[in-house]
Amino acid sequence: MKPHPIALPLIVLLAAALGSSAIAKLPAPSDEAKAKAAEAAAKTAHGNKTADFQLCKAQDRIAAQHQAAARKAGKDVKPAVATPPCTDPGPFVYTPPVAASGASAPAAATATAAAPAPAKKP
């Protein structure tokens, strides 16, 4: 049995109409959500630095084992290529940025509004 010729365009139109409601604009994130996102980004960056440090240490350890095994076997060992030293990122410490436009902005606005404007010279 063949579908009706208008069935396919009708299904596509219906899917487009229902799908467009899913593309609704989301509200802007609150300051608290922005702060949480910034902290999550900082944690991720620190985790990546920690992973890089662990990878660097593992590569150094494997290279040293390989060179030791080659020396033990009597093979000619070339000097290692100079690479930057592994740097430990330390423990994760997050200091949130100070919101300059937060509570001090109304105080600054009232201070400038209370100050008299300089007199213009003729």
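Each residue in Glu32, Glu39 was given a count of other beta-carbon atoms within 10 angstrom of its own, and listing them fewest first yields Glu32, Glu39. Taking other Cβ atoms within 10 Å as a rough exposure proxy, His46, His4 sort from fewest to most as His4, His46. Dipole of the stretch 30-76 computed with +1 at Lys/Arg Cβ and -1 at Asp/Glu Cβ about the Cα centre; of Gln59, Ala41, Ala69, farthest Cα towards the positive end is Ala69.
If each Cα of the stretch 1-73 is one equal point scatterer, what is log10 of I(q)/I(0) from the Debye formula at q = 0.17 Å⁻¹? Taken in order of the listed q values, log10 I(q)/I(0) reads -0.86.
Karplus-based coupling profile of the stretch 58-66, in residue order and whole Hz: 5, 5, 4, 5, 5, 4, 5, 5, 5, with θ = phi - 60° in 6.51 cos²θ - 1.76 cosθ + 1.60 and x standing for Gly or Pro.
Where a number appears in this text, it was derived from the coordinates with a stated rule and is not lab data. This structure is a prediction, so every number in the text was calculated from the model and none was measured. Reconstructed Cβ throughout: ideal geometry from the backbone, glycine too, with neighbour counts over all protein chains shown.
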